[in-house]
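Everything on this sheet refers to the single structure shown next.
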Amino acid sequence: MSKGVHVAHNKLEASLQDQHSQGGHGAIPLSAGMLLVTLGVVYGDIGTSPMYTMKSIVANNGGIGTVSEDMILGALSLVIWTMTLVTTVKYVLIAMKADNHNEGGIFALFSLVRKVAPWLILPAMIGGAALLADGILTPAVTVTTAIEGLRTIEWGHALLGDGQTNVIIITIIIICGLFAMQRAGTSSIGKLFGPLMTLWFLFLAGAGLFNMLGNLSILRALNPIRGIMFLFSPINHSGIMVLGFVFLSTTGAEALYSDMGHVGKANIYASWPFVKAALILNYLGQGAWLLANNSNPQMLAMDIVNPFYMMLPEPLRPFAIVLSAVAAIIASQALITGSFSLVSEATRLNLMPHLRIHYPSDTKGQLYIPLVNNIMWVGCIFIVLLFQNSERMESAYGLAITVTMLMTTTLLTSYIAGILKHKLGACVFALLFGAIELCFFASCLTMFFDGGYVMIFLASLLFGLMYVWRRGTAIERTQTILLPVSKYIDQLNRLRNDETYPVLADNLVFLTNSPDPLTLDRDVLYSILDKHPKRAKAYWFINVHVTDEPYTHEYSVETFGTDFLFRVRLDLGFKVNQRVNAYLRQIVGDLMASGELPPQHHTYSIYETRGNVGDFRFCMLRKMLAPETDINRNDHRVMAIKYAVRRACGSPARWYGLENSAIIIEYVPLFARMRPAVKLVRTQVPLEVQIEEAEEMEVDIFSDDLVNGNEAGRDMNVDPTELLESVADTPEQQQLDGLENEQLNDANF
């Protein structure tokens, strides 16, 4: 850096900075309040799994009539150890150690391992797209399932009837309410849902414990050998496909990892033992009830038996159904908040466009992205209208998550081998979890034509968006040339003193993406010097850097040893409104006070005391495709799609608070290399030939009437002067003449 470097670390809003100086960003600490938020935000999906897991296993094994001690103990063992291995070991104990500045999720994991191997971006993109697709489906499935569950009680059946119309209407209303409240922020939602989910897990534990006390031998299901024996036993009528139903017990594990940034790993570590104990107790209670009622004639007469509800005393069932409906609705929250985190991480990795992000609290991990929220909102309603009932939706449920889990296993294996340098541990990890999740995937794949194709379609669209954005960014970088500013200081100095050009502005400002303080994009310098030279008293090149602190207000300046050229880096906290115009005026005032920038006197002003800060004009460059761009046809399509997506994501002028500022928008071609132009050959076409070609007129049915009409007019021998005079006498023409005279008088005035 040159001697002109001016590092101000200036408190642009000192009072606001002092007010929040205690709110540093780091790991979210363990606290009773955040434990409540964690229960309300993170565990909704996995916490509702007891409602349908054992029901699915029993129903697909032949029904309650096939229930035996070995069957129940084996199935429970598979459920308990799947939860232990996948959720506890893989995600809580291993994956959560691989955090990126306290952020979790598959993209945060990729950011840690991307230097290990370039191809790892592909599993990250596939897994991220699948998880985002699941985030669209999960609210639709859980809310529809919850509303349909009301039919099991008398007043609920009277409300809904036997058709699906009322179910669809109520489901859409609840989904609209759920997405509308997202702008309040994770913390506010967690405080609302936390007490309800705490009650839910206490209810799960109590109901399970009440039933298992009558048969403590059910604890033998804790033996993993029981699960392995059942998996390969003749009493397992589903064969290896039983794992597809067992997998339902751990569907929220990936969301748990993604939501780590919202609540902090310490709060997940502290709350997970309570949640897991409640889940295991409830599963054991369901198993004990099934063994006690496997020969009950009333149960044998039922097509499908749901032990979750049936094990409860009949007077308690209405309360359980209403509570489970509320819990199922809350389950959607984990996927929604996880989707916000995923998109935020994808934006940092240049996998998705820059989007407007709101931070409702002082913690950066708790964020809200309006555009993502609205897209998921519309997507959920579309899914509800497409499938209309939960049975069809459940056919697609789980397929996307198994894909994400497999991709996460791939990245974690690379993390263990490449970052932690434990190659043997990486092999064991890959073999163990790869085998488990491949079995899950094979089981879920059988439901592809029953609805799973919708998830694959959504995931493919999202993967395509990521591919286009990443590929487009790579193309732009290959076409971009960064030039050293120092080589052009003399030209810029001559231009600002060249009186043959009018002064465009006192301060001409460019917003730049490159953080390098000594270089500029070629297009910026081309705009100033070549594309109609832009004369200004001072040139500003601003780079905005968002920090991990909520209320940072700092800047640094590179002056290149001049008093007219300034490369500014604005360090703004993630909760700070990025009003570049207001901050830049303060920076100009600071530099004038220090003598680094000459005063910019005003000749005219509405104020009695004229200020020393001149006017500002912001020049925003937008790249566009040019036919001469030296890229192939496929890359040309990629860039066209990327620019279309970028236009749909909003204007940078709004992001930086420049709506009311003087803005110049210039379109610059996307090329640094041009295809060689085809050389034109000069020829001489005889004048007679050109006249003959001009006189030739194509005659067709569209022009015949006009030609005939013109010929008829000429045959009338009407004097053109008389025709004009007759037109001039019409009221319409007199009115037009009057308007024209008024405009001429105004112009002369």
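What accessible area, in Å² to the nearest ten, does a 1.4 Å probe give for K421?
That residue has around 150 Å² of solvent-accessible surface.
Heavy atoms only, 1.4 Å probe, whole protein assembly: order M181, M71 by accessible area, highest first.
M181, M71
Which whole-Hz couplings ³J(HN,Hα) result when phi for each residue of the range 217-232 is put into the Karplus expression 6.51 cos²θ - 1.76 cosθ + 1.60, θ = phi - 60°, listed in order with x for Gly and Pro?
5, 4, 5, 5, 5, 5, 7, x, 4, 4, x, 5, 5, 5, 4, 10
In debye, nearest 20: dipole of the range 34-104 around its Cα centre with unit charges on the Cβ of K, R (+) and D, E (-)?
It works out to roughly 20 debye.
Solvent-accessible area of K487, probe 1.4 Å, all protein chains present, reported in Å² to the nearest ten, please.
Spelled out: K487, probe radius 1.4 Å, area about 140 Å².
Once phi is turned into ³J(HN,Hα) by the Karplus curve 6.51 cos²θ - 1.76 cosθ + 1.60 with θ = phi - 60°, what whole-Hz value does each residue of the range 537-543 show in order, with x for glycine and proline?
6, 8, 10, 10, 10, 10, 10
Under the Karplus relation 6.51 cos²θ - 1.76 cosθ + 1.60, θ = phi - 60°, what is the ordered set of whole-Hz ³J(HN,Hα) values for the range 164-174, x standing for Gly and Pro?
Values per residue, Gly and Pro as x: 9, 4, 5, 4, 5, 4, 5, 4, 5, 4, 5 Hz.
So who's got an amide H within less than 5 Å of the one on Y555, skipping anything under 5 residues away but keeping other chains? H placed 1.01 Å off N, in plane.
Here A8, H9, N10, D571 satisfy the definition.
Placing +1 on the Cβ of each Lys and Arg and -1 on the Cβ of each Asp and Glu in the range 93-237, which of L131, I121, L204 has its Cα farthest towards the positive end of the resulting dipole?
I121
When only the heavy atoms of the protein chains count and the probe is 1.4 Å, how do H422, H101 rank by accessible area, highest first?
These residues rank, largest area first, as H101, H422.
Ordering E69, E499, E692, E554 from largest to smallest accessible area (1.4 angstrom probe), what's the sequence?
E499, E692, E69, E554
Counting Lys and Arg as +1 and Asp and Glu as -1, each charge on the Cβ, what is the dipole of the range 82-192 about the Cα centre in debye, to the nearest 20?
So the magnitude is around 500 debye.
If I take R0 = 35 Å and measure r between the Cβ atoms of L216 and V326 in this structure, what FRET efficiency does the formula 1/(1 + (r/R0)^6) give, to the nearest 0.05?
E between L216 and V326, to the nearest 0.05, is 0.65.
Taking 0.36 nm per residue of separation and subtracting the Cα-Cα distance, what length does fully extending N612 through N296 add?
Working it through step by step, the gained length comes to 104.6 nm.
What residues have an amide H closer than 5 Å to that of V668, excluding those fewer than 5 places away on the same chain, when H is modeled at 1.01 Å from N in the peptide plane?
Here R622, K623, M624 satisfy the definition.
The values are calculated or read from the model by the stated rules, or taken from the named source; none is laboratory data. Note that this is a predicted model, so its numbers are computed, not measured. Cβ atoms come from the backbone with ideal geometry, glycine included; neighbour counts cover every protein chain shown. Quick note on the areas: whole protein, heavy atoms, side chains included, nothing else; ligands and nucleic acids left out. Shrake-Rupley method; radii C 1.70, N 1.55, O 1.52, S 1.80 Å.
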